[in-house]
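Quick notes on the structure that follows.
The values are calculated or read from the model by the stated rules, or taken from the named source; none is laboratory data. Fair warning: this is a prediction, and the values are worked out from it, not measured in the lab. Reconstructed Cβ throughout: ideal geometry from the backbone, glycine too, with neighbour counts over all protein chains shown. For accessibility, only protein heavy atoms count, side chains too; no ligands or nucleic acids. Shrake-Rupley method; radii C 1.70, N 1.55, O 1.52, S 1.80 Å.
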Amino acid sequence: MNKPSCLFGVSLLLVLVSTVVIAEPITQIAFGSCLRQNRSQPIWDSIISRNPDMFVFMGDNIYADTTNPQVMQNKYKQLANQPGFKKLKNTIPIFATWDDHDYGQNDAGEENPIKEQAEQIFLDFFDIPTTSPARRRPGVYDAHVFGHPGQSVQLILLDTRYFRGPAIKGKPTPNCPKINYMQQRDPDISLLGEAQWEWLATQLRQPARIRIIVSSIQVIPDEHCREKWSNFPLERQKLFDVIASTNANGIVFISGDRHLAEISKLELEKIGYPLYEITSSGMNTKMRGEGVQNRFRIGADNYREHNFGMISIDWDNPTPKLALQINNKFGEVLFQKEILLSELNSKKIAH
């Protein structure tokens with residue numbers, strides 16, 4: 001993609017959201033999460049060398065961990081002054097959502113006392129135009145469409161923090177000695193909030209060949225002890241129900257938070273095609289996750305060193321296909337799952 005043309009198109013896109021069509025197709029999407037703003041960030045060189053059409057921050061873009069807005073701003077400034085980030089910002093369009101640490105507090109939800117200030121700091125840092133709809137509503141969720149109708153890619157950025165009701169922590173167990181989240185089954189407790197749920201259903205009805213849904217926390221894996229959609233099983237089921245009821249095709253989830261990387265696959269008859277999720281985390285953070293079970297994982301294990309994710313789209317193939325990739329800090333592809341685009345449009349799952 002011609003980068004100057006792309007940057008101009010994205011500038012318009014941020015203003016008008018899902019209405020601007022960029023003529024050239026999107027073929028490379030890079031993404032990552034969990035980035036310590038005060039540590040070395042050599043991974044940016046590997047990301048930039050892949051020449052992606054965009055980079056997506058999936059959350060924990062800094063580790064603010066504060067209820068002081070000035071402290072939060074100062075930590076964003078640390079990221080802004082990182083040489084690698086400066087080069088990224090001058091080279092590649094950036095899109096972002098947040099997770100708990102850049103939202104302000106570990107594992108926080110709607111109770112965060114500075115969430116309104118945190119939102120404004122986030123929007124300012126990522127240069128969201130004053131005319132963008134994201135500036136006129138609570139939360140940082142947003143959506144964009146790239147490419148002409150035959151090769152359109154929709155990017156849906158969810159906010160799993162601003163509206164999230166209380167989570168339930170259980171007692172430590174041998175398998176969960178530090179954190180042990182239990183299932184929150186109160187039907188009045190939401191993860192996305194009513195307005196965002198309505199917005200999501202509207203977005204899923206928009207025409208697109210491929211839909212990349214960004215969730216800061218994992219959607220498919222349901223066995224680990226930490227934050228995940230399955231801690232709110234009614235909301236997780238609602239997500240699958242909305243996908244089914246809107247007949248939304250072409251969905252791939254990308255997520256972060258876990259300080260490990262893996263690819264997951266879930267088959268639900270009501271949706272009619274497999275759901276894939278590629279988790280990429282972290283970019284320069286301490287890793288964890290050895291032996292963590294994931295019955296939906298593709299492959300025997302996860303990756304526990306610094307990493308970033310890529311989705312490559314081959315529109316030139318007679319049957320267009322996607323490649324979901326986990327890359328190490330040197331840019332080498334470690335895990336890859338190729339998917340025919342037609343597989344994400346099938347209404348019948350082969351058993």
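Of note:
- The simple spin-label model puts a point 7 Å past each Cα toward its Cβ; for Ala201 and Glu116 those points are separated by 2.9 nm.
- The range 83-207: projected area of the alpha-carbon convex hull, averaged over directions, in nm²: 11.2
- The stretch between Thr173 and Trp315, if pulled fully straight at 0.36 nm per residue, gains 46.3 nm over its current Cα-Cα span.
- Global geometry of the range 203-351, whether rounded, prolate or oblate, following the gyration tensor of its Cα atoms and the 1.5 cut on a/c: oblate
- Pairs with C-alpha atoms separated by more than 20 Å, drawn from the list Lys228/Lys265; Lys171/Lys228; Lys238/Lys337; Lys115/Lys169; Lys265/Lys337, are Lys238/Lys337; Lys115/Lys169.
- Peptides 271-278, 130-137, 97-104, 174-181 ranked from most to least packed, by the mean per-residue count of other Cβ atoms within 10 Å: 97-104, 271-278, 130-137, 174-181.
- Estimated translational D of the range 274-351 in µm²/s (Stokes, Kirkwood radius over Cα pairs; 10 °C; 1.306 mPa s): 112
- Apportionment of accessible area to carbon and sulfur, the chain, percent (1.4 Å): 50
- Here is the tail figure for the range 222-264: Cα pairs spaced more than 11 Å apart come to 73 percent of all pairs.
- Inverse mean reciprocal Cα-Cα distance (Kirkwood Rh) of the chain, Å: 20.2
- Inter-site label distance for Val333 and Lys286 at 7 Å from Cα along Cβ, in nm: 3.4
- Spacing of the two label points (7 Å from each Cα toward its C-beta) at Gln237 and Asp127, in nm: 4.5
- Added length on full extension, which subtracts the Cα-Cα distance from 0.36 nm per residue, Arg295 to Gln70: 76.7 nm
- Three-way shape call for the range 174-225 based on the alpha-carbon gyration tensor, with the a/c threshold at 1.5: oblate
- If the chain linking Glu24 and Asp45 were pulled fully straight, counting 0.36 nm for each residue of separation and taking away their Cα-Cα distance, it would gain 5.1 nm.
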